[in-house]
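The values are calculated or read from the model by the stated rules, or taken from the named source; none is laboratory data. For clarity, every value in this text was computed on a predicted model and none was experimentally measured. Please note: Cβ atoms are built from the backbone with ideal geometry, for glycine as well, and neighbour counts cover all protein chains shown. When the accessible area is computed, the model is the full protein with side chains, heavy atoms only, and any ligands, DNA or RNA have been set aside. Shrake-Rupley method; radii C 1.70, N 1.55, O 1.52, S 1.80 Å.
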Amino acid sequence: MLEYALCNELLAEEGLPLAEQARTAAALGYCGLELAPATLGYALHDLTGDEIARIRAEIEAEGLRVTGLHWLLSGYPDLSITDPAVQGRAQAVLLKLVALCAALGGEVLIHGSPKQRRRPQGMDDGALIAHLAAFFGPVAEAAERHGVVYCIEPLSRAEDDTITTVGQGAELARAIGSPAFKTMIDISAAGQTEPPVAELIREWVPTGLIGHVHANDTNRGAPGMGDDPFPEIVAALVETGWSRPVGVEPFRTLIDARVTAATGIATLRACERACS
């Protein structure tokens, strides 16, 4: 049986405090929360040990766990992983987020944040991979030390001009050469860029280079809010032996965040039952 974690930003945007977010997710059958750091406060990379312990305790009190972090640089609009003028500061923040993820009990960090990863003008694909590998090398080393996995997220071409396919993410992971640095499959982005997603899962999960999966529709809603073939997608995850939590990451609501989260997990569970 697959595990599902709920990405917390829609609940946070509706004003639910962290404990209530966890309570809501637990009631719906999620195993944990995948946290967007910006929902924890702007200076999240400088949280004290006591603050980190409180955050973790609030979630675990509801029988959940922190599964990981995503949208890592969304709270840092002035930073960039590709601009030499601010790369150093971006890297310093990411190193602290790796430590934060581990301290919260998380296992994976998902690097999307499209506005902070624009391709430098005139840089070709080979130079870009080398540029990003040099930047992420120390981050991967930190992830390995802390026992977490850091994933570069392929985004849709409407959002990004750096890493937009799973193959490109895998190329970066191979260039870095660390077991703690992988790529991932975001079903919404992959469904827009390189469908069918079920075949993408069957191709890439066995390679060991996929560190995470986000479940969302190409219309940016939760599973069940659009027309994506989730029965086939879930069947592919089951067939390939996927064993890590799947992050349910909708970007828009159906009625409200709770109904959206309920729709997502109900759809995925129904798909599991259909392929059992």
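Of everything in region 134-154 that is of a type in the set (A, V, I, L, M) and open to solvent by 10 Å² or more (accessible area, probe 1.4 Å), the residue that is farthest from Ala215 (Cα to Cα) is Ala134. Scanning region 30-52 for residues that are among the aliphatic types (A, V, I, L, M) and free of Cβ contacts under 8 Å to residues at least 24 places away in the same chain yields Leu40, Ala43.
Kindly check whether there is at least one residue in region 251-267 that is open to solvent by 40 Å² or more (accessible area, probe 1.4 Å), hydroxyl-bearing (Ser, Thr, Tyr), more than 21 Å from Lys115 (Cα to Cα) and free of Cβ contacts under 8 Å to residues at least 40 places away in the same chain. No, region 251-267 has no match at all. The C-beta contact set for region 9-29 (first residue free of Cβ contacts under 8 Å to residues at least 60 places away in the same chain and closer than 12 Å to Asp256 by Cα, second residue β-branched (Val, Ile, Thr) and open to solvent by 20 Å² or more (accessible area, probe 1.4 Å), distance under 6 angstrom, 6+ apart or interchain) comprises Ala12/Thr39. The set of residues in region 19-50 that are part of a loop (DSSP other than H, G, I, E, B) and of a type in the set (A, V, I, L, M) comprises Ala36, Ala43, Leu47. When Ala57, Ala103, Ala38, Ala85 are checked against the criterion of being under 15 Å from the mean Cα position of the chain (by Cα) and surrounded by fewer than 20 Cβ atoms within 10 Å (Cβ to Cβ), Ala38 stands alone in meeting it. Which residue, of Ala266, Ala170, Ala198, is touching a Leu at 6+ places or on another chain (Cβ under 7 Å) and modelled with pLDDT of 95 or more? Exactly one residue qualifies, and that residue is Ala170. Residues in region 170-187 that are crowded, with 22+ Cβ neighbours inside 10 Å and without any contact (Cβ under 8 Å) to a residue 40 or more places away in the chain were compared, and the one that is farthest from Glu272 (Cα to Cα) is Ala173.
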